1. Starting from residues that are surrounded by 16 or more Cβ atoms within 10 Å (Cβ to Cβ) and farther than 18 Å from Thr21 by Cβ, keep the ones in segment 77-89 and report whichever is nearest to the chain's Cα centre (by Cα).
2. Could you list all residues from segment 60-70 that are loosely packed, with under 14 Cβ neighbours inside 10 Å and either of a type in the set (D, E, K, R) or under 14 Å from the mean Cα position of the chain (by Cα) (or both)?
3. Quick one: which of Thr8, Thr4, Thr21, Thr57 is without any contact (Cβ under 8 Å) to a residue 40 or more places away in the chain, of a type in the set (S, T, N, Q) and surrounded by 11 or more Cβ atoms within 10 Å (Cβ to Cβ)?
4. When you scan segment 95-121, how many residues do you find that are part of a helix (DSSP H, G or I) and either touching a Lys or Arg at 6+ places or on another chain (Cβ under 6 Å) or surrounded by 13 or more Cβ atoms within 10 Å (Cβ to Cβ) (or both)?
5. If you scan segment 1-57, which residues turn out to be small (Gly, Ala, Ser) and part of a loop (DSSP other than H, G, I, E, B)?
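Just so it is clear, none of the values below were taken in a lab; they were calculated from the coordinates. Keep in mind that this is a model prediction, so the values were computed, not measured. Methodologically, a virtual Cβ is constructed for each residue, glycine included, from the backbone with ideal geometry; neighbour enumeration extends over all protein chains shown.
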Amino acid sequence: MHETANETTPIHAWHAHIYYTPDSKPTALRLREWVGARFPAAVLGRWHDAKVGPHPTSMYQIAFPEALFPTLAPFLAMNRMGLTILLHPESGRPKDDHLHNAMWMGTVLPIDASMLPEIESH
């Protein structure tokens, strides 16, 4: 437990990871199409039909600027259709962003933090 509040690290972007199974992939596609049509500034990542990186199951990523958070995050919450979504900031601290600063919509899935660096390297 923290004795004092953490100061907010600047957030330069957000990532939403949309998880799916073979059965729910058509639903994930529908959500992807809706996001693409409504949020042109969002970058729709590749489909990963297997585990990739720290993610435990198939997923695609939506990367978006901080300015879209007030509209895109609620849109995902209201239109996830039962899909699980991991929403996390991009603050330059990948491990913290995925584990401690993340928000889950739906089932919380295990993230493999062993491959996430403490600090982003460019």
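1. The qualifying residue nearest to the chain's Cα centre (by Cα) is Leu87.
2. Across segment 60-70, the qualifying residue is only Glu66.
3. Thr21
4. 6
5. Answer for segment 1-57, where residues must be small (Gly, Ala, Ser) and part of a loop (DSSP other than H, G, I, E, B): Ala5, Ser24, Ala41, Ala42, Gly45, Ala50, Gly53.
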